[in-house]
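Participant: Right, I'll just put the structure down here and ask away after.
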Amino acid sequence: MEYLSRRLEMLKEDRRFKFHPKCSKMKLTHLIFADDLLMFGKADMSSIISLNTCLQDFCQVSGLEANPTKCAVYLCGVEDNLKAQICTYLSFSEGTLPMRYLGLPLTTRRISHFECSSLINKITNQFQNWQQNRSLSYAGRIQMIKSVILGIQTFWFSNYILPTKILEKIDRLCSAFLWGQKIHLISWDSVCLNKKKEGLGLFSAKVWNQASAVKLLWMIHQKKDILWIKWIHGHYLKNSNVWQVQQRVNDSWMWKQLLKTRNMILEKYGNADEVLNILNSCSSNGKLRLSLVYNILTNSSAAINWSETTWGRLNYPKHSIIIWLAFHSRLLTQERLCRFRILSTNCCVLCSRQPENCKHLFFECQYSAEVWNNVMDWLGYTWRSCTWVQLSSWYSSCLKGKGFKKDLKRMALSVAVYFIWQERNVRIFQGIARTPDTLFRAIKVSIFTRILNDDFPAHIKEMIVNL
Ligand SMILES: [Zn+2]
C-alpha cells in the first residue's frame, strides 16, 4: 500500500492530472485506511486515466486486483455521457451518496433518521439482551449505559452532530433501560447531572454530542496537525477564525451545526476569550477532557450537600443508588404508590402501625429505629438520631472530608438504608420477615465483607473485628 501511496503522490507533478476542486489547495489525491482506499480527482478523462494508471501499476507490482463489485465511482456536476464514459473505462458502477466508510455514512447533508437506524437498532438490541437478565441491579445498568454512550462516542459523536430527535431517542432508551419499569423514578436530565449535583454522573446523549462538537471547535482553534482540520482552515476559515467566521448559504449541514454549537457556547460565556479560558481549564497535556466539558454544559443546578454521604469511598455501588433515591425521596414507597393510584391503602410492613414513606422507613419506624440504633451503638456514634432530616444534616455538616472512620459511618448509613429497603421488599414480595437483630447482623456481615476483603492495613481490619 505504501507503493500505491507513493505512486499517487507522484500525480502532484503530473500535468495531465487535475485535482478535485475541493482537494486542490491541499493537493490531496487519496485517503487510505487499512484496506480501504478513496481516490479523488477532477472528473475529466485525462485525470481519471492518470488515477487509474497508478492503480494498474500497483496491481502489476503487487499482484493484487481491485474487485469491481466492491468499487464505485462517485460523480457530481458531471454530464450523463461523461459519467457513462468514466464508468465504462474503469469498469466500476456509479455509487450514490451517502456511502458508508468504516461503518459510518459519509455525507455533507443532514444525516437522515434512516441513516441513524443502525445506531438505534444496535442500542435497542444491546438493552434487550441485558433486560432478559432481570436481576441486573441499578449499578449494573448504570455501567451498561455508560458503555453504550462511550461506544457511540467512539464511533459517531466524535465525527457527527446527530439530529436532535435521534439524540432524544437514545436518551429515552437509556432512561427506560435504567428504570426498567413504566415509572421513571428520577428525570433523565437530573440523572445525567454530575454526582455532586444530585445526578448519577451518567451522560445525556444530547449534551454529550454538544460537548463532542465543542471539542471539535477547540481542535480547529488549536490548529491541530490533522488533515480534516487543515482542510477546514483552507476552505471554511481562510484568514478568519472559528469564533468569528460567518455562516454561508452553501456551507455543509455539518459545518452549520458546528457553528450553531459555537454560537450557543459564545452566548453562554459572552466572548471567545472567556470560552477559551474555560476550555483550557478542561484540558491537560493538549487534550480536552470531554467529561469536564460535559459538566460545564450542565452546570446550571447548584451542588447538593449529601453527595459525599451517597457516594462514600467504601459504599457498595448498589447501596449508593438506594440511598441516592432515598435522598431524592423517590423510592417507590406505599405513599408514592397511593399517589400514583397503584395502591389504595398505606401501612408500613415493618411495624404495621404507621403509613410508609421515606422518612418513616429511615428511621422513624420502630423496627428501623431498632436496627439503626444497633448500628450506631456498634460503631460508637457520639451523636445520635433516627430522624432523616437531622441525620442527613449531621452527615453533611459534621462528617465532612476524608478518614476511614468517616467513610465507615457513611458506609454504615448506606448499608442500613439498603437492608431496610430490602427487608421491606422481601416482606411484601416473598412474605419472609427477619427480626431487627437478624437484620443488624446482616448489616455487620456486609460491612465486614467489604473491609476484610479489601486492601486495608492490618490495624484497620483488626479495629473493625474488635468493635
Ligand atoms: Zn414502620
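Participant: Tell me, what HN-Hα J-couplings in whole Hz come from the Karplus equation 6.51 cos²θ - 1.76 cosθ + 1.60 at θ = phi - 60° for each residue of the stretch 351-368, using x for Gly and Pro?
Facilitator: 10, 6, 10, 10, x, 9, 8, 4, 4, 5, 5, 10, 9, 6, 4, 4, 5, 5
Participant: What residue among TRP372, SER320, LEU337 has its Cα farthest toward the positive end of the dipole of the stretch 239-373, where the charges are +1 on Lys, Arg and -1 on Asp, Glu, each on the Cβ?
Facilitator: Final value for the positive-end residue is LEU337.
Participant: In the P(r) worked out for the stretch 2-96, what percent of Cα pairs fall beyond 16 Å?
Facilitator: Percent of Cα pairs beyond 16 Å in the stretch 2-96: 55.
Participant: Here's another thing I want to ask about it. May I ask you to compute the full-extension gain from GLN131 to SER385, defined as 0.36 nm times their residue separation minus their alpha-carbon distance, rounded to one decimal in nm?
Facilitator: On the way: separation 254, 0.36 × 254 = 91.44 nm, distance 3.97 nm.
Full extension from GLN131 to SER385 adds 87.5 nm.
Participant: Sticking with this structure for a sec: Quickly work out the LYS122-to-TYR101 label distance, labels modelled 7 Å from Cα along the C-beta direction, and quote it in nm with one decimal.
Facilitator: 1.8
Participant: Go through the stretch 201-214 residue by residue and turn each phi into a ³J(HN,Hα) via Karplus (6.51, -1.76, 1.60, θ = phi - 60°); whole Hz please, and just put x for glycine and proline.
Facilitator: Here the 3J(HN,Hα) series is x, 7, 10, 6, 4, 5, 6, 4, 5, 4, 4, 5, 5, 4 Hz.
Participant: With each pseudo-label sitting 7 Å past Cα toward Cβ, what's the ILE32-ILE183 distance in nm, one decimal?
Facilitator: For the pair ILE32/ILE183, the computed spacing is 6.2 nm.
Participant: Same structure, new question: May I ask you to derive the FRET efficiency for LYS230 and LYS196 from their Cβ-Cβ distance with R0 = 35 Å, giving the value to the nearest 0.05? List each step's numbers first, then the result.
Facilitator: Numbers: r = 39 Å, r/R0 = 1.13.
It comes to 0.35.
Participant: Students often forget the sequence filter, so: which aspartates and glutamates lie under 16 Å Cα-Cα from LYS18 once same-chain residues fewer than 8 apart are removed?
Facilitator: The qualifying aspartates and glutamates are GLU9, ASP44.
Participant: Right, another one. I'm checking a number: the convex hull volume of the Cα atoms of the stretch 116-304, normalised per residue, in Å³. What is it?
Facilitator: Given the Cα convex hull of the stretch 116-304, per-residue volume reads 137 Å³.
Participant: Ok, one more. Could you sort the peptides 3-9, 286-292, 427-433 by per-residue average Cβ neighbour count (10 Å cutoff), highest mean leading?
Facilitator: Going from most to least packed, we get 3-9, 286-292, 427-433.
Participant: So which aspartates and glutamates pass the test for LYS461, namely a Cα distance under 15 Å, with those fewer than 8 places away in the same chain ruled out?
Facilitator: ASP407
Participant: Name the aspartates and glutamates eligible as straight-distance cross-link partners of LYS287: C-alpha to C-alpha under 15 Å, and not fewer than 8 places from it in the same chain.
Facilitator: Cα-Cα hits under 15 Å: ASP225.
Participant: For the pairs LYS146/LYS359; LYS196/LYS224; LYS195/LYS402, note any where the Cα-Cα span goes beyond 27 Å.
Facilitator: LYS146/LYS359; LYS196/LYS224, as the Cα separations exceed 27 Å there.
Participant: Find the centroid of the Cα atoms in the stretch 180-202 and in the stretch 218-271, then give the distance between the two in whole Å.
Facilitator: 33
Participant: Same structure again: Express in nm, to one decimal, how much length is gained between LEU467 and ALA272 on full extension, taking 0.36 nm for each residue of separation and deducting their alpha carbon distance.
Facilitator: Fully extending the segment from LEU467 to ALA272 adds 64.4 nm.
Participant: Then there's this: Report the gain in length on full extension from ALA66 to ASP14: 0.36 nm times residue separation, minus Cα-Cα distance, nm rounded to one decimal.
Facilitator: Values: separation 52, 0.36 × 52 = 18.72 nm, distance 2.30 nm.
Full extension from ALA66 to ASP14 adds 16.4 nm.
Participant: Then there's this: Counting each DSSP H run of 4 or more residues in the chain as -39500 (n - 2.57), what helix-only mean residue ellipticity at 222 nm follows after dividing by all residues, to the nearest 500 deg cm²/dmol?
Facilitator: -16500 deg cm²/dmol
Participant: Follow-up question, since we're still on this one. Applying 1/(1 + (r/R0)^6) with R0 = 35 Å to the Cβ-Cβ distance of ARG289 and LYS402, what FRET efficiency is obtained, to the nearest 0.05?
Facilitator: Numbers: r = 24 Å, r/R0 = 0.68.
It comes to 0.90.
Values in this text are rule-based calculations from the coordinates and carry no lab data. It should be emphasised that the depicted structure is a prediction, and the values quoted were computed from it without experimental measurement. Reconstructed Cβ throughout: ideal geometry from the backbone, glycine too, with neighbour counts over all protein chains shown.
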